[in-house]
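S.K.: Before we start, here is the structure in question, set down as structure tokens.
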Ligand code: NCD
């Protein structure tokens with residue numbers, strides 16, 4: 001069995017820079033380009049490891065990781081749990097629906113409680129933007145944001161970048177980043193933390209980002225993030241190298257944002273005919289959960305040479321292993337790590 005342990009991270013990190021100076025991973029906004037590339041490189045070694053039959057290491061043996069999920073999740077919760085277990089940690093899941101949050105406990109009291117249990121890392125998903133950062137300020141261990149309201153979902157953007165890079169390399173490119181690529185993100189941009197984290201990470205890696213949504217689902221002032229905005233999907237697709245589709249986040253809507261699902265599908269649904277407006281071999285992405293027949297047709301999802309939606313899920317485990325590994329290095333006293341410096 002190949003061990004995932006042999007990291008040559010020191011050689012990959014620019015000389016004279018602190019390796020990974022952050023205690024927490026709250027958003028892509030706090031990461032520099034070389035830090036994003038560092039996390040992708042660290043995740044790369046887990047991709048092969050995860051494809052082996054036996055995939056258990058003891059890198060995080062003895063550590064306790066708490067996944068505190070105040071919102072529903074399938075992919076993110078499961079992949080963080082699998083990631084922690086594959087690294088040998090003890091992983092405990094807290095579902096808010098079954099917790100004292102339902103009995104009126106404040107977020108800060110919940111944070112203090114989790115802290116008292118001496119977790120070595122806490123992974124949090126919460127419905128309010130900023131809640132994960134608030135918890136991070138109250139606890140002593142690394143905190144990883146698994147999605148906070150409409151704010152950020154950093155591990156999603158990292159796994160998207162890893163899946164995209166894998167696809168480009170499979171097609172013969174040796175690219176490290178996305179310089180020269182145009183990525184069109186279409187859907188409910190207003191409510192999407194995935195869109196926000198991806199705008200930041202794709203741009204940091206050199207891509208041009210186009211955003212497409214109906215007027216009511218396009219956040220005011222979003223162009224300030226450097227992306228071009230469109231309401232017409234056909235125009236937004238012209239010449240795109242990558243098309244990232246997002247679902248309508250109905251659970252965050254308290255009113256009428258779209259005329260009807262039928263009209264939405266007509267104007268913003270990705271069909272094979274519409275995909276033909278993008279580059280001939282354009283790559284299709286979706287963070288899930290998908291609503292087939294609304295924002296994306298099954299005929300597109302099933303295009304094995306174009307859609308990388310399953311690969312995104314696979315890369316999610318590797319990315320989360322890398323993030324848990326990197327953020328716990330300081331407390332594990334990993335050789336070479338001294339006060340944030342590789343020596
Ligand atoms: C996304 C999320 O929760 O922000 N899903 C995910 O993490 N894979 C997107 C969504 O819920 O639509």
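S.K.: Just to confirm the number: angle between the C-alpha axis of helix 107-116 and the first principal axis of the chain, 0 to 90 degrees, nearest 10?
M.R.: For 107-116 against the chain, the angle is about 40 degrees.
S.K.: For the chain, what is the relative contact order in percent, using Cα pairs closer than 8 Å and at least 6 residues apart in sequence?
M.R.: The normalised contact order for the chain reaches 19 percent.
S.K.: Still on this model: Under a GNM of the chain (C-alpha, springs under 10 Å), which listed residue has the highest mean-square fluctuation: 270, 200, 217?
M.R.: 217
S.K.: Multiply the residue gap between residue 310 and residue 235 by 0.36 nm, knock off their C-alpha separation, and tell me the result in nm, one decimal place. Present the calculation step by step, with values, prior to reporting the outcome.
M.R.: Details: separation 75, 0.36 × 75 = 27.00 nm, distance 2.73 nm.
My answer for the length gained is 24.3 nm.
S.K.: Compare 27, 133, 147 in a GNM of the chain, Cα atoms joined below 10 Å, and give the one with the largest fluctuation.
M.R.: Taking springs between Cα atoms under 10 Å, the residue moving most is 133.
S.K.: Next question, about the same structure. Starting from one equal scatterer on each C-alpha and no solvent at all, send me the Debye-based log10 I(q)/I(0) for the stretch 240-329 at q = 0.18, 0.24 Å⁻¹, two decimals.
M.R.: Cα-only, vacuum Debye calculation for the stretch 240-329: -0.85, -1.17.
S.K.: A further question on this structure: Hey, what number do you get for the chain at 222 nm if only DSSP H runs of n ≥ 4 count, each worth -39500 (n - 2.57), divided across all residues, to the nearest 500?
M.R.: Rounded to the nearest 500, it is -10500 deg cm²/dmol.
S.K.: On a 0 to 90° scale, report how tilted helix 75-86 is relative to the longest principal axis of the chain, with both axes built from alpha carbons and the result rounded to the nearest 10.
M.R.: With rounding to tens, the tilt is 30 degrees.
S.K.: A follow-up question, please. Compute the projected area of the convex hull of the Cα atoms of the stretch 22-85, averaged over all viewing directions, and report it in nm² to one decimal place. Could you put the intermediate results ahead of the total?
M.R.: Details: hull surface 22.9 nm².
The orientation-averaged projected area of the Cα hull of the stretch 22-85 comes to 5.7 nm².
S.K.: Full-extension gain between residue 61 and residue 137, please, as 0.36 nm times their residue separation minus the C-alpha to C-alpha distance.
M.R.: Gain in length upon complete extension: 24.8 nm.
S.K.: So how far apart, in nm, are the two label points at residue 118 and residue 251 if each is 7 Å from Cα heading toward Cβ?
M.R.: Rounded to a tenth, the inter-label distance reads 3.4 nm.
S.K.: Follow-up. Once the cut-off is 32 Å, how many percent of the Cα-Cα pairs in the chain end up in the long-distance tail? Let's see the in-between values first.
M.R.: Values: 17208 of 58653 pairs.
When all Cα pairs of the chain are counted, 29 percent exceed 32 Å.
S.K.: Also, quick follow-up: Can you give the convex hull volume of the alpha carbon atoms of the stretch 189-300 per residue, in Å³?
M.R.: Each residue corresponds to 98 Å³ of Cα convex hull volume.
S.K.: Between 33, 165, 51, find the one with the highest GNM mean-square fluctuation for the chain; connect C-alpha pairs within less than 10 Å.
M.R.: 51
S.K.: Then there's this: Before anything else, pin down the relative contact order of the stretch 93-158: Cα pairs under 8 Å, at least 6 apart, normalised by residue count, whole percent.
M.R.: Working: 80 pairs, mean separation 18.7, N = 66.
Once divided by the residue count of the stretch 93-158, the mean separation gives 28 percent.
S.K.: Starting from the Kirkwood radius over alpha-carbon pairs of the stretch 20-171, derive D by Stokes-Einstein at 4 °C in a medium of 1.567 mPa s and give it in µm² s⁻¹. Don't jump to the answer; show the numbers that get you there.
M.R.: Values: Rh = 16.3 Å.
Here the translational diffusion coefficient equals 80 µm²/s.
S.K.: Going by alpha carbons, how many degrees (0 to 90, nearest 10) lie between the helix axis of 33-50 and the longest principal axis of the chain?
M.R.: Tilt relative to the chain: about 80 degrees.
S.K.: Tally the DSSP beta bridges in the chain and give the antiparallel ones as a percent, rounded to 5. Intermediate results must be reported in sequence, preceding the final value.
M.R.: Numbers: 3 of 37 bridges.
Percent antiparallel among DSSP bridges in the chain is about 10.
S.K.: Compute the Kirkwood hydrodynamic radius of the stretch 103-205, taking the inverse of the mean of 1/r over all pairs of distinct Cα atoms, and give it in Å to one decimal.
M.R.: 15.5
S.K.: Using a Förster distance of 41 Å, how high is the FRET efficiency between residue 179 and residue 93, based on the Cβ-Cβ distance and rounded to 0.05? Could you put the intermediate results ahead of the total?
M.R.: Numbers: r = 39 Å, r/R0 = 0.96.
That pair, residue 179 with residue 93, gives E of 0.55.
Values quoted throughout were computed directly from the atomic coordinates according to the rules given, and no laboratory measurement underlies them. Values in this document were obtained by computation on a predicted structure and should not be read as measured data. All Cβ positions, glycine included, derive from the backbone under ideal geometry; neighbour counts span all protein chains shown.
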